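This report concerns only the one structure given below.
Nothing in this text is a laboratory measurement; each read-out follows from the coordinates by a stated rule. Because the structure is a prediction, the values reported are computed rather than measured. Using ideal geometry, Cβ is built from the backbone for each residue, glycine included, and neighbour counts are taken over all protein chains shown.
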Amino acid sequence: MTDSTPPTEKSPENRPAATPLTRLREARWTLFAALCAGILAVALYDVPFWEMILALAFLAVISAFVPRRASARRLKLSEQREMRRMWPGTGMKVTVDALSTPCFVADGRGITRYVNTRAQELYRGVKPGDPLSFSLRVPSLLEAFDRVCTSGAEERINWNERVPTESWYEAHIAPIYMPGSGQEDRKRGVPDFILVVIHDLTENRRLERMRTDFVANASHELRTPLASLTGFIETLQGPARNDPDARDRFLAIMLEQAGRMRRLIDDILSLSRIELKANVRPASVVDMSDIVRHTADALSPVAKELGVEIRTHVPEAPVRVNGERDELIQVTENLIENALKYGSSGKIVDVELSEQDMAGEGLSCLLSVRDYGEGIAREHLPRLTERFYRVNAESSRAMKGTGLGLAIVKHILTRHRGRLEVESEPGKGATFKVRLRSIGAEEPTEEKIPA
Ligand code: ADP
């Protein structure tokens, strides 16, 4: 919380109480006027001199001892009103401080009067007393601020910054009228203070962009097999109507294209199901040894077809983790299947499961899937888990890939509080490692645990 020092010496509350002498001093011009009037009365109307002196003395005593409350209060109120314009009240500061977004309170001249804690964290060096333009150097924001100062009508503006990374912001600029501010000010639209609240929209924009990219990519992926199917149907209805050889060939391709569409839709649905459960902690305990053995066995026909041997190194004892069996099978299956598809030239895929004691993090379950194929160039590694990202689109399609396998793996692991690590060098194969928190041997497998 940052605030500038309030002007205590001018404060009406701190003024010394009025003494008879100060009251006399305040009434000096009135007494002087009475004296002049008295002298005139003595000179022109023969009023006795002593009567004039008596009246004057009476007036002086009244001036000295009777407090003039009304004028003092008027003075106090006008001073207070002016001070309220200069210094935001405690209530306003406390409210602004409670907001989690950066907020600035400035006066009508554009001088920062208060800066909440969040704004101090984000805009280092910002101080009350400095012009707002020192901390917020956005021309459109400052123009909007000036408009709010003169019109008193709130405004919202958006802008984006490209340095150091692309970010989007929205500012809400609202006038504040203090309870005692004059009606004319309100009518003229001149606010006492202006509140500037800044929202960072970067994360929302990123999600929006991801969503629209996803829809565009999914439509594109579906359109290609659909166009191929439509083309073959038209050919079969027309030129190839009476050609049994062509019909058989085309029907086989159509089946393959339909399969591609089905796989894509299955993967999209799978991804959206996992996203829906993203914040729900898996509610059971499963044995990873069993899952890895089961998956390697299930994929042995694929391995045989591709001429690859799967070597499993899995402990006999159960390796227990909190997780959902079907989702962890999907993770293991996607990784082993990728190693078989893209690393088939290495002829061997090593699947290893172990439990490690991680210093400070407890027991960890490590699944490693290693192939000895072509590997992946360094620049692709950070993007592998993006939806529809493929190192080589042709080879992925040839291998019946959808480009969603590793995105699904990442989402499942996020839900399981797990991690995916990829190590690879072109020509030397790739290793995909999954880390999950192991829960040791105490708890029974497949038993529900509280969510
Ligand atoms: P796909 O459905 O295309 O297999 P994935 O998300 O599973 O999609 O994988 C994304 C891309 O990562 C693949 O298209 C492939 O280019 C690359 N990739 C994944 N695993 C391996 C691997 N073991 N070796 C080489 N490249 C791989």
Given the chain reduced to its alpha-carbon atoms as identical point scatterers, what log10 I(q)/I(0) does the Debye formula return at q = 0.12 Å⁻¹?
-1.06
Roughly what would the spin-label model give for Glu166 and Leu40, points 7 Å off Cα along C-beta, in nm?
8.3
Rounded to the nearest Å, what's the spacing between the alpha carbon centres of the range 127-172 and the range 231-254? Just the number, please.
64
Could you tell me how many cubic angstrom of Cα convex hull volume the range 248-312 has per residue?
121
Extension gain (nm, one decimal) between Ser300 and Val138, 0.36 nm per residue minus Cα-Cα
52.2 nm
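What's the local net charge at Val197, with K and R +1, D and E -1, over the other residues with C-beta under 12 Å away?
Residues close to Val197 contribute a combined charge of -2.
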Straight-line reach from Lys304: which aspartates and glutamates have a Cα under 20 Å away, not including same-chain ones fewer than 8 places off?
Glu333, Glu337, Asp350, Glu352, Asp371, Glu374
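Kirkwood hydrodynamic radius, computed over distinct alpha-carbon pairs, for the range 285-437: how many Å, to one decimal?
With all distinct Cα pairs of the range 285-437 included, I get 15.6 Å.
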Which order do the peptides 280-286, 400-406 come out in when sorted by mean C-beta neighbours inside 10 angstrom, highest first?
400-406, 280-286
At Lys127 and Leu255, where each label point lies 7 Å from the Cα along Cα→Cβ, what is the point-to-point distance in nanometres?
8.0
Output the peptides 116-122, 127-133 sorted from most to least packed, where packing is the average of other Cβ atoms within 10 Å over each peptide's residues.
116-122, 127-133
Extension gain, Arg419 back to Ile62 (0.36 nm per residue minus Cα-Cα distance, nm)
119.8 nm
Scattering from the C-alpha atoms of the range 206-276 alone, worked out with Debye: what is log10 I(q)/I(0) at q = 0.17, 0.18, 0.19 1/Å?
-0.70, -0.74, -0.79
Mind checking which aspartates and glutamates have their Cα closer than 13 Å to the Cα of Lys93? Skip sequence neighbours fewer than 8 apart in that chain.
Asp3
